[in-house]
1. Given the condition in a helix (DSSP H, G or I) and either within 15 Å of the ligand (Cβ to nearest atom) or touching a helix residue (DSSP H, G or I) at 6+ places or on another chain (Cβ under 9 Å) (or both), answer yes or no: does some residue in segment 149-156 qualify?
2. Output yes when any residue across segment 119-127 is open to solvent by 90 Å² or more (accessible area, probe 1.4 Å) and free of Cβ contacts under 8 Å to residues at least 12 places away in the same chain, and no when none is.
3. Considering segment 44-66 alone, what residues qualify as being within 8 Å of the ligand (Cβ to nearest atom) and surrounded by fewer than 16 Cβ atoms within 10 Å (Cβ to Cβ)?
4. The conditions are (1) crowded, with 17+ Cβ neighbours inside 10 Å; (2) in contact with a helix residue (DSSP H, G or I) (Cβ under 7 Å, 6 or more places away or on another chain); (3) hydroxyl-bearing (Ser, Thr, Tyr), and THR25 fails exactly one of them. Which is it?
5. Of all residues in segment 75-122, which are under 30 Å from ALA211 (Cβ atoms) and charged (D, E, K, R)?
6. For residues that are outside any helix (DSSP H, G or I) and within 20 Å of MET1 (Cβ to Cβ), scanning just segment 30-43, find the one that is least open to solvent (accessible area, probe 1.4 Å).
7. Would you check if SER11 is over 20 Å from ARG74 (Cβ atoms), open to solvent by less than 20 Å² (accessible area, probe 1.4 Å), within 12 Å of the ligand (Cβ to nearest atom) and of a type in the set (Ser, Thr, Tyr)?
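The values are calculated or read from the model by the stated rules, or taken from the named source; none is laboratory data. Note that the coordinates shown come from a computational prediction; the quantities given were computed from them, not determined experimentally. Here the Cβ is made from the backbone with ideal geometry for all residues, glycine too, and neighbour counts use every protein chain on show. Keep in mind that these areas ignore ligands, DNA and RNA; they rest on the heavy atoms of the full protein, side chains included. Shrake-Rupley method; radii C 1.70, N 1.55, O 1.52, S 1.80 Å.
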Amino acid sequence: MLDLYGHPFSSYTWKALIALYANVTPFTFRQVGPDHPENSARVQAASPQGKFPLLVDGALELFEASVIIEHLARHHPGPAPLLPIDPDAAIATRMIDRVFDNYVMNAMQESVDEVLREGTLGESMRARVEARLHRSYRWIDGWLEGYAQPDGVSLIECAAAPALFYADWVAPIPDDCARLKAWRAHLLALPPVSRCVEDARPYRHYFPLGAPDRD
Ligand SMILES: N[C@@H](CCC(=O)N[C@@H](CS)C(=O)NCC(=O)O)C(=O)O
């Protein structure tokens, strides 16, 4: 039996949850937070910075959402093709996964971190994050032109859905990135993703910049 430690509002927890839901993989969700100090303690002890999600599979503890998905693809496969079998195609998939973590999720997180630290988002940080995200959006919009979308979800959809969900709240995807706007809507409508969106809805007041009245 698998245990996934995380929080329903956490973007990286979504990334792992989408893979689990897409493959109908049985697991127990162990929520972190003040109501479950034992779960938080396990997460804190498991990795260098005590981040979640954390997957426990028997004696094995795995952190980093991408690594969790690699483990699920190898040891708990299901109908969703999380990673291509062809090694070169798998490398290309991993590269795009890095794009969403490093150049979308992390850029969005910079503004969240500033609000948590300073209590407000300064104009220079706001402009810097917007510029970084817009540059990423334009690149992804171009990449999408040649992307053969899978029937279900792969590592790419697992990474893209939470990153684009929250990044669009910080810096909305501009109208000239029409492919990306449409893809975000498509991702949010996928059953494993919409389940995450709905389960996170009660926690929207946690979003430090204020959640918009949409999605
Ligand atoms: N690189 C990690 C990032 C995980 C991460 O940043 N998790 C956030 C929640 S979305 C977290 O643990 N926040 C609590 C903390 O930083 O103490 C991954 O890919 O899993």
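1. Checked against the condition, which is being in a helix (DSSP H, G or I) and either within 15 Å of the ligand (Cβ to nearest atom) or touching a helix residue (DSSP H, G or I) at 6+ places or on another chain (Cβ under 9 Å) (or both), segment 149-156 yields at least one hit.
2. yes
3. GLN49, GLY50
4. Result: THR25 fails condition (1) only.
5. Across segment 75-122, the qualifying residues are ASP97, ARG98, ASP101, GLU110, ASP113, GLU114, ARG117, GLU118.
6. Only one residue tops the list, namely VAL32.
7. It is true that SER11 is over 20 Å from ARG74 (Cβ atoms), open to solvent by less than 20 Å² (accessible area, probe 1.4 Å), within 12 Å of the ligand (Cβ to nearest atom) and of a type in the set (Ser, Thr, Tyr).
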